[in-house]
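Remarks on the structure that follows.
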Amino acid sequence: MTLDAADVTALIGLCREQIEQHCERLGRLDSAIGDGDHGANMRRGLEAVHRERDAISALPLPAALERIGLVLVMSIGGAAGPLYGTLLMELGRGLATGDDATDFAAILAQAVAAVARRGRSGPGDKTLLDVLYPVQAEIAGHAAPLRIAECARNAAQATEMMLARRGRASYLGARSIGHEDPGASSCALLTTTICLYFKENAPS
Amino acid sequence: MTPARIANVGIVIVSHSPLVAQGAADMVRQMVGDCVPLAWTGGNVEGGLGTHVVGISVAIEAAWSEAGVAIFVDLGGAETNSEMAVEMLGPARAAKVAICNAPLVEGAVVAAAEASGGSPLARVVATAEELSA
């Protein structure tokens, strides 16, 4: 699988567009169990990446991912900035150091583990990790893009019934149950956006 | 020019609210005057409630001391963003920075009092963290 500069530019544009469209919904989800700024924070992050899209897409893919991660860290704020930033930066570093035989799924697993360390969270804590773990498993199983997207959406929905153990939602205790986690939701949205692009453009 | 003095541990205050961060810093100043390097940051990049890495990095630089810097944070994102900012200092300088598991206001004041006596970073951190024990 290869992504060229045009793919990276297109994906940045699509992710920004989707976050913009769902900004209010993410904010509402976050208002229910957090501080309500997740939509606005994600929009600010994607806008910042979008402003730099030409410089980013001119980079080799590993450096481009690392740069996107850094821009997200610097612009999103909240806990989501370091979490998404860590994911992208670790993916970039993994791709830079891995040889051609290194499986993308293995690099993603490392990056997800780094996110877990950053957030001191694990499976079932009602965070974006509850989307990242199953998505990584589907990718490791060489699932088709649509299947991965479906998995991401289902995984985000499944956070609704979880009890939050990290972040501000955890202060609500049992009252956090019944609300989809906003981080899981944005993660599923972005995963779906990327998967649909892959399906439409079918990179080999 | 700054008078020559023993380098004391610096204090950084990170809150989601600029008012809380500044208020806590005022209380530290009242306690120790200007004998402890002190900086605060609060709010997101747009000035609303939140925290961000750049603001924290700037605050760490402003309160930098070769004796080290103790950071006090309020809620989740303040801690995660602070960890990110510390890592971005590089390993050598990051080793001289500690994010304290202590209440923001009480921790910063107690730590500053300890720092003003010339205590090393580990002692400053331990004193503040006793509040959470």
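Structure summary
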| read-out | value |
| --- | --- |
| Contour excess over end-to-end distance, with Cα ends at residue A:120 and residue A:200 and 0.36 nm allotted per residue | 25.2 nm |
| Amide H within-cut-off set for residue B:69, under 5 Å, with H built and near neighbours excluded | B:10, B:97, B:98 |
| Cα-only Debye scattering, region A:5-201: base-10 log of I(q)/I(0) at q = 0.10, 0.16, 0.18 Å⁻¹ | -0.37, -1.00, -1.30 |
| Amide H within-cut-off set for residue B:13, under 5 Å, with H built and near neighbours excluded | B:39, B:40, B:41, B:72 |
| Chain lengthening between residue B:7 and residue B:27 when straightened (0.36 nm per residue, less Cα-Cα) | 5.1 nm |
| GNM result for chain B, Cα springs below 10 Å: residue of B:117, B:50, B:90 fluctuating most strongly | B:90 |
| Most mobile of A:34, A:173, A:94 in a GNM of chain A (Cα contacts under 10 Å) | A:173 |
| Fewest-first sequence of A:42, B:27, A:74 by Cβ atoms within 10 Å of each Cβ | B:27, A:74, A:42 |
| Sites residue A:142 and residue A:20, calculated FRET efficiency, Cβ-Cβ separation with R0 35 Å, nearest 0.05 | 0.65 |
| Relative contact order (percent, whole number), chain B, Cα cutoff 8 Å, 6+ residue spacing | 30 |
| Amide hydrogen neighbours beyond the local backbone of residue A:79, cut-off 5 Å, H modeled | B:77 |
| Backbone HN-Hα couplings from phi across region B:73-88 [Karplus 6.51/-1.76/1.60, Hz, Gly and Pro as x] | 10, 9, 9, x, x, 4, 6, 5, 5, 5, 4, 4, 4, 5, 4, 6 |
| Residue-wise HN-Hα coupling along region A:118-125, computed from phi with Karplus coefficients 6.51, -1.76, 1.60 (Hz; x: Gly, Pro) | 4, x, 6, 10, x, x, x, 8 |
| Karplus-derived HN-Hα couplings along region B:37-53 (A = 6.51, B = -1.76, C = 1.60, θ = phi - 60°), whole Hz, x at Gly and Pro | x, 9, 8, 10, 8, x, x, 8, 5, 9, x, x, 5, x, 9, 8, 4 |
| Within the protein assembly as shown: Cβ-based charge dipole about Cα centre, in debye rounded to nearest 20 (Lys, Arg +1; Asp, Glu -1) | 320 |
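No value in this document is a laboratory result; all are computed from the given coordinates. All values reported here derive from a predicted model rather than from experimental measurement. Here the Cβ is made from the backbone with ideal geometry for all residues, glycine too, and neighbour counts use every protein chain on show.
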